[in-house]
1. Tell me what the chain gives for mean residue ellipticity at 222 nm when only DSSP H runs of n ≥ 4 count, each as -39,500 (n - 2.57), the sum divided by the residue total, rounded to 500 deg cm²/dmol.
2. Quote the FRET efficiency, to the nearest 0.05, computed for residue 197 versus residue 349 with a Förster distance R0 of 35 Å and r equal to the Cβ-Cβ distance.
3. Tell me, what ³J(HN,Hα) does each residue in region 317-329 have, in order and in whole Hz, if you take phi through Karplus 6.51 cos²θ - 1.76 cosθ + 1.60 with θ = phi - 60° and put x for Gly and Pro?
4. Starting from the amide H of residue 418, placed 1.01 Å from N in the peptide plane, find each other amide H under 5 Å away whose residue is 5 or more places distant or on another chain.
5. Between residue 7 and residue 102, 0.36 nm times their residue separation minus their Cα-Cα distance comes to what?
6. Which residue, 304, 111, 394, has the largest displacement toward the positive end of the dipole of the chain when charges sit on each Cβ (Lys, Arg +1; Asp, Glu -1)?
7. Per residue, how much accessible surface does the chain expose to a 1.4 Å probe? Answer in Å², no decimals.
8. Using the Karplus equation 6.51 cos²θ - 1.76 cosθ + 1.60 (θ = phi - 60°), what ³J(HN,Hα) coupling, rounded to whole Hz, does each residue of region 17-24 give in order, writing x for Gly and Pro?
Amino acid sequence: MSNDARRAIPKMDVLLAHPWLVEQVERWGRPVVVTAARRVLEYARLDLGDGHQLPSLDDLAQTVAKAVEALRAGRLMSVVNATGVVLHTNLGRAPLSSAARAAVEDAAGYSTVEFDLQTGQRGKRGTAVRAMLCELTGAPAALVVNNAAAAILLVLSALAKDREVVVSRGQLIEIGGEFRIPGVMEAAGVELVEVGTTNRTHLSDYRGAIGDRTAMLMVVHPSNYRIEGFTLQPPLSSLVELAREHGIPLLHDLGSGLLQGSMGDEPTLEDSLRAGVDLSVFSGDKLLGGPQAGIIVGRSDLIAQLSRHPIARAVRIDKLSLAALEATLLSHLRGSLDELPVWQALRLTPEDIRPRAEALATLFGQAARLRRGTSVVGGGSLPGEGLPSVLVDIDPAPISEAIAMARLRTADPPVIARTEKGRVVIDLRTVPPEQDQLLGEILLATLKASDNPT
């Protein structure tokens, strides 16, 4: 009889009968667990062939369970954002309003995404959104694609391919994920002409760069950083006049999509259009408070060119985002910004937050304290500016801050917080009030469970 240790490896049905894996099968389905189990058993065979000992049945089941649970970590799921970063890029930026969520659910089945109920014929995608954008902004025309970078790519490809686009050197930003304006321009097939210096660009710099091959002037708002001190950029209106002198359009990348009003140094779409820019581009999931989208408003003839370009089809917005954007724009049209979670969070004062923070801190006794702190807008909006807040500062001892944060991330739902000087910091600005009780229960279960295995 062979003494091959690999004969001792448990069969698949034996491993799957382990209670830990029975639970995983109920949660994820048999095929997912079987795939992970096959991989673990194959690794066990290879290890035995190299002289290693056979793990116990419990060890094998635990390894399979961990492999399956890794799927949970990679799946898109809801979290409690306790960081105080309102437009948290890694957490999906703007949370949708209840009306936008309802609109998404309604559009998830068959819907009139490209169907005209009056004629019974094929309709145009985004007709209602375009009309609402024109009504809301006063722009003569509008177009929506799947994100702002796609909008810039479309504009450059359709209007400036194989020609030059003039941009201030101080505006050649990186927009996240190592995507940079020069890279987008290269992908669009345009030649970048840099003018000025990092901190100062004069109108004469733009004027001197315009030639026979110039297709466009481009102004990019550096929304995710700020240059202070000895700086200069020409007024937008002056650049508009210069562009018109030479018969070329001016593209303004606003970034965060503040439609009007005042919020720090953030430019508004109202100011952009008043200055006479030919095309303005902004995001749907930042200060607009809606889903990810790239919104282009401006001259009707240019928008028509963009709509006919092949890239417009490649970057078109999907029906679920379109439905959410319609609902978001309706809130703006009604003047009901308080319907949008982003604006609910932005408008909270320390006095609004303090009673909730006190109630949360009470759960932890002397291990918690309140202190003044700062929330941030995030999402590449208002860099260097903060929103005054009241923070709950919790000592996680006897466990470390790293273990505390890991436990919070594996809670159901996960809680994303921040740490400072060994303490867990909770900012309730970004936690909807209806989640306060749930957050308290999770924090108690994780931070006070010092006897849990780590």
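1. -12000 deg cm²/dmol
2. With a Förster radius of 35 Å, E is 0.30.
3. Taking θ as phi minus 60°, the curve returns 7, 7, 5, 6, 5, 4, 5, 5, 5, 4, 5, 5, 5 Hz for region 317-329.
4. For residue 418, whose amide H was placed from the backbone, the distant partners under 5 Å are 425.
5. 28.6 nm
6. The Cα lying farthest towards the positive end belongs to 111.
7. With the other protein chains kept in place, the chain gives 51 Å² per residue.
8. Whole-Hz 3J(HN,Hα) from phi for region 17-24: 7, 4, x, 4, 7, 4, 5, 5.
The values are calculated or read from the model by the stated rules, or taken from the named source; none is laboratory data. Given the structure is predicted, the values throughout are model-derived calculations rather than measurements. Don't worry about glycine lacking a Cβ; one is built from the backbone with ideal geometry, like all the others, and counts go over all protein chains shown. Protein only, heavy atoms only, side chains kept; ligands, DNA and RNA dropped before computing areas. Shrake-Rupley method; radii C 1.70, N 1.55, O 1.52, S 1.80 Å.
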